[in-house]
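Nothing in this text is a laboratory measurement; each read-out follows from the coordinates by a stated rule. Bear in mind the structure is a predicted one, so any value in this text is a computation, not a measurement. Heads up, the Cβs are rebuilt from the backbone with ideal geometry, glycines too, and the neighbour counts pull from every protein chain shown.
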Amino acid sequence: MSNTKFEIKPNIERVDSHQHFWQLSRDDYHWLTPELALLYKDFLPQHLAPTLEHQGISQTILVQAAATEEETHFLLEIAERTNFVAGVVGWIDMEDAKAITTLARLAHNPYFKGIRPMLQDIDDVNWILKDKFNPIFEFMAKKHLTFDALVNDVHLSNIKSIADRHPTLKIVIDHCAKPNLAMPPSRFWQRRITSIASCKNVYIKMSGLLTEAPQGQVDASIIQPYVDHISQEFGPNRIMWGSDWPVIKLNGDYDTWVELTQVLLNNYQDEEKRKIWADNARTFYQLPSY
């Protein structure tokens, strides 16, 4: 792959709003099994740094991959010694009576930006609507902490209920709610996206889409209808780009996704590109500008 395309717009900064690190010896990644051979190994800052430098990406958001508070501390330790990690989205046990105390303690670390419960792995799609979570959301809104929603389209109406109930809580939909790119956008997905986009406190991540595409099929024409729909509904001020590295390795790689994104955003104005590539993530996660 030529480097030429990567340098077409060197004036547009890039922030990766969604990447992961993990270390298998920690042994709390219950979803990560040897069957996922491409991912079943350590992925740490030294493995990503050369790609970020090559692509001119100055900051990343490091997102949890295990449903443990211990992993959140592991990620915060990485952030403190890794110059490109600008923030961490962690995990807490929302069912714990001391959940707010845990959040308050984590929030003392400037790298801690918010939480991501792994909603896609919870059988009860209505779990997140429990009344006892309302004080947690209120505390998060008050402290300007963020909520990453790892969801499918069936969860979006519940996330909208939370967004309506807590209009100052900043929420972002990860991976466009993981639509099935093996077929054209479904009416169900489109309607749910349109509905939740009406909540001005909700953003969406342009990430994780290669993983939802048919294996080996990463053509921009497959992804474009999905990007067009989120752009139509959210506008350029509430979309943020992310790589979902290293999960992206299941059906592509970092460089391919960067190049595809440039094609997908080809008809956008430079100011809109700047927002999607960097500014929106910095605004949402309250990142410093370099």
Listed residues PRO50, PRO246, PRO179; largest mean-square fluctuation, Gaussian network over the chain with Cα springs below 10 Å, found at PRO50
Summing -39500 (n - 2.57) over every DSSP H run of at least 4 in the chain, dividing by its residue total and rounding to the nearest 500, the 222 nm mean residue ellipticity is -10000 deg cm²/dmol
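Quick check: residue separation of ALA49 and ASP270 times 0.36 nm, minus the Cα distance between them. What number comes out in nm? Kindly include the intermediate steps, with their values, before the conclusion.
Working: separation 221, 0.36 × 221 = 79.56 nm, distance 2.62 nm.
Answer, rounded to one decimal: 76.9 nm.
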Listed by chain and number, the lysines with an alpha carbon less than 19 angstrom from that of LYS205, same-chain partners under 8 positions apart left out, are LYS113, LYS160, LYS170, LYS178, LYS249, LYS273, LYS275
From the alpha carbon gyration tensor of region 38-164, can you work out the equivalent ellipsoid semi-axes (sqrt of 5 times each eigenvalue) and give them in Å, largest to smallest? 27, 17, 14
Relative contact order (percent) for the chain, with alpha-carbon contacts under 8 angstrom and 6 or more residues of separation? 19
For SER243, the residues 5 or more places away or on another chain with a placed amide H closer than 5 Å to its own amide H are SER17, HIS18
Mean-square fluctuation check for the chain, GNM, Cα pairs under 10 Å: which of ASN152, ASN134, ASN201 is largest? ASN134
How are the Cα pair distances of region 67-124 distributed, in percent, across 5 Å bins from 0? 4, 19, 28, 23, 14, 8, 3, 1
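Take every Cα-Cα pair in the chain and report what % of them are more than 24 Å apart.
Taking all Cα-Cα pairs of the chain, the fraction more than 24 Å apart is 48 percent.
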Toward the positive end of the charge dipole of the chain, about the Cα centre and with charges on Cβ (Lys, Arg +1; Asp, Glu -1), which of MET240, TRP22, GLN215 goes farthest? MET240
Charge dipole of the chain built from unit charges on the beta carbon (Lys, Arg +1; Asp, Glu -1), centred at mean Cα; most positive-end Cα among ILE78, GLN46, SER186 is SER186
So the label point goes 7 Å from the Cα of MET183 along Cα→C-beta, right? Which residues of region 116-156 then have their backbone N under 15 Å from it? 153-154
Choice from LEU39, LEU209, LEU24 showing the highest fluctuation, given a GNM over the chain with Cα pairs closer than 10 Å: LEU24
